[in-house]
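Here the structure comes first, spelled out in structure tokens, and everything after it is commentary.
Rule-based calculations on the coordinates, nothing more; no lab input. Keep in mind the model is a prediction, meaning the values are calculated, not measured. Backbone-built Cβ (ideal geometry, glycine too); neighbour counts: all protein chains shown.
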Amino acid sequence: MLFKTFPVRESRHTLPQRKSYGPTTEEVTQWAQSLDNLLSSKCGFTSLRLFMKSEHCEENIEFWMACEEFRKIRSRSKLKSRAKTIYDEFIRADSPKEINLDFHTKESLHQSLLIPIQSSFKAAQNRVYFLMEHNSYPRFLDSELYQQLCRIAAGER
């Protein structure tokens with residue numbers, strides 16, 4: 001099941017009915033307009049992540065999200081700690097979720113670990129965004145998952 005179903009009571013004399021919460025027609029239409037629209041929607045982000053997991057490329061969206069969260073960190077000590085964690089998880093050779101980056105970008109990121117700043121991962125994040133925009137995103141829009149979400153939004157459960 002894609003979305004949680006919650007019990008709803010209309011009055012104390014009726015039997016519980018179930019109401020499902022999913023995307024609206026407007027949301028799924030906006031998702032088809034741009035990857036930014038898809039990523040800025042909680043339901044859209046979750047759906048894309050689920051799709052990318054099914055295609056064994058979820059490390060890209062996880063890295064993108066880690067970079068978004070990294071940019072919000074203000075503390076220097078937390079920045080340094082989180083930069084190392086992101087590097088070890090996504091950048092380091094043979095890391096569990098290694099993303100596809102060129103040697104120059106990886107080397108630049110390795111150097112930035114010494115004194116990380118909020119934009120340390122920006123170039124790598126942009127490369128991963130480009131990959132998602134030109135590979136995963138079009139496949140998501142053509143996927144059965146997206147078609148199912150469109151049907152749910154249209155009320156064709």
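List of remarks:
- For the pair residue 34 and residue 105, a Förster radius of 22 Å applied to the C-beta separation gives a FRET efficiency near 0.35, rounded to the nearest 0.05.
- Relative to the Cα centre, the charge distribution of the chain, modelled as +1 at Lys and Arg Cβ and -1 at Asp and Glu Cβ, gives a dipole magnitude of about 900 debye.
- Exposed loop positions in the chain were taken to be chymotrypsin sites (Phe, Trp or Tyr not before Pro) whose DSSP state is not H, G, I, E or B and which have at most 15 other beta-carbon atoms within 10 angstrom. Between these positions, the longest stretch is 22-157.
- Under the simplified labelling scheme, the residue 115-residue 92 pair shows an inter-label distance of 2.4 nm, with each label point 7 Å from Cα along Cα→Cβ.
- Degrees separating the helix 58-70 axis from the principal Cα axis of the chain, which is the longest one: 70 degrees
- Label sites at residue 145 and residue 25, each approximated as a point 7 angstrom past Cα along Cα to Cβ, lie 2.5 nm apart.
- Here the relative contact order of segment 25-152, from alpha carbon pairs under 8 Å that lie six or more residues apart, stands at 27 percent.
- Spatial extent of the chain: Rg and Dmax, with the Cα atoms as the point set, Å: 19.4, 68
- Nearest 10 degrees, 0 to 90: helix 42-54 Cα axis against the chain principal axis: 70 degrees
- Between helix 122-131 and the chain: long-axis angle, C-alpha atoms, 0 to 90°, nearest 10: 50 degrees
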